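Please read the structure below before turning to the comments.
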Amino acid sequence: MSKHFSFRELRNDEAIPYELLFAADPSRKMVEEYLSASDLYIAEDENEVVGVVVLFEISKTQAEIKNISVEENLQGQGIGKLLLSNICEIAKKKSYKSICIGTANSSIMQLYLYQKKGFEVSNIRKNYFTDNYPEPIYENGIQAKHMIMLEMAL
Ligand code: ACO
């Protein structure tokens, strides 16, 4: 990656990049629920928001990446990896002992990326997508039914 993208926490007076958040999680209800109790960080190209990552506290020792999303026409340039590396560093500084992330059984590229960054499958929330989302979701010709949870020690 030759281009430099900066990373920082979104300030309270700035607009929340909802379009990016909904690209990773189509449920407005769930996004709004976890945002109210999370910290939101962005990747920027000059003054333009190009990616977002949301950190949620599960317990004093564990945090969860609830949402990670990169502008569609800028995907594949390393911004996702930058967001993951930076959020793991922040979680470590906040003294969490582990960090987890969940994605659908159909999200092949995401499963590849998270494992490549050091996350390991920890458990499966069976029928999470079929139980919680009104419309069936398909990716890569596979129905999103279950949530695969991955975890990494910090
Ligand atoms: N096809 C094939 N491989 C790809 C593609 C693609 N379209 N995009 C990225 N990759 C590969 C890269 O080559 C790289 O692999 P490498 O390290 O072997 O070179 C790896 O995936 C990571 O690439 P990045 O460029 O860092 O990832 P990107 O900036 O595209 O961000 C992300 C990844 C966040 C998943 C992005 O694609 C995205 O926003 N997708 C839509 C929203 C989404 O699905 N978010 C995650 C949902 S789960 C959750 O939010 C908890």
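The values are calculated or read from the model by the stated rules, or taken from the named source; none is laboratory data. Source: prediction; values computed, not measured. Reconstructed Cβ throughout: ideal geometry from the backbone, glycine too, with neighbour counts over all protein chains shown.
Summary of computed values
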{"item": "Residue match in region 45-52 (condition: outside any strand (DSSP E or B), in contact (Cβ under 8 Å) with a residue 40 or more places away in the chain and either surrounded by fewer than 14 Cβ atoms within 10 Å (Cβ to Cβ) or touching a Lys or Arg at 6+ places or on another chain (Cβ under 6 Å) (or both))", "result": "no"}
{"item": "Flag if Ile137 is touching a helix residue (DSSP H, G or I) at 6+ places or on another chain (Cβ under 9 Å), within 12 Å of the ligand (Cβ to nearest atom) and closer than 19 Å to Pro26 by Cα", "result": "yes"}
{"item": "Residue tally, condition within 11 Å of the ligand (Cβ to nearest atom) and closer than 16 Å to Tyr41 by Cβ, over region 88-100", "result": "0"}
{"item": "Matching residues in region 1-33 - criterion: being buried (at least 17 other Cβ atoms within 10 Å of the Cβ) and of a type in the set (Phe, Trp, Tyr)", "result": "Phe5, Phe7"}
{"item": "Qualifying positions in region 101-120 - crowded, with 19+ Cβ neighbours inside 10 Å and more than 8 Å from the ligand (Cβ to nearest atom)", "result": "Ser106, Tyr114, Phe119"}
{"item": "Conditions (1) farther than 19 Å from Asp25 by Cβ; (2) in a helix (DSSP H, G or I); (3) of a type outside the set (Val, Ile, Thr); number of the one not met by Asn123", "result": "(2)"}
{"item": "Any chance Asn86 is part of a helix (DSSP H, G or I) and free of Cβ contacts under 8 Å to residues at least 24 places away in the same chain", "result": "no"}
{"item": "Residue match in region 67-81 (condition: surrounded by fewer than 13 Cβ atoms within 10 Å (Cβ to Cβ), more than 8 Å from the ligand (Cβ to nearest atom) and either in contact (Cβ under 8 Å) with a residue 60 or more places away in the chain or farther than 26 Å from Gly141 by Cβ (or both))", "result": "no"}
{"item": "Matching residues, region 6-42, being part of a strand (DSSP E or B) and either more than 13 Å from the chain's Cα centre (by Cα) or among the charged types (D, E, K, R) (or both)", "result": "Ser6, Phe7, Arg8, Glu9, Asp39"}
{"item": "Any hit, region 114-126, residues being farther than 25 Å from Thr61 by Cα and not small (Gly, Ala, Ser)", "result": "no"}
{"item": "Breaking point among (1) within 12 Å of the ligand (Cβ to nearest atom); (2) modelled with pLDDT of 95 or more, for Asn123", "result": "(1)"}
{"item": "Unmet requirement for Ser27, which otherwise passes all of (1) closer than 23 Å to Leu74 by Cβ; (2) in contact (Cβ under 8 Å) with a residue 40 or more places away in the chain", "result": "(1)"}
{"item": "Region 26-66 - residue that is within 23 Å of Asp13 (Cα to Cα) and acidic (Asp, Glu) and, of those, nearest to the ligand (Cβ to nearest atom)", "result": "Asp45"}
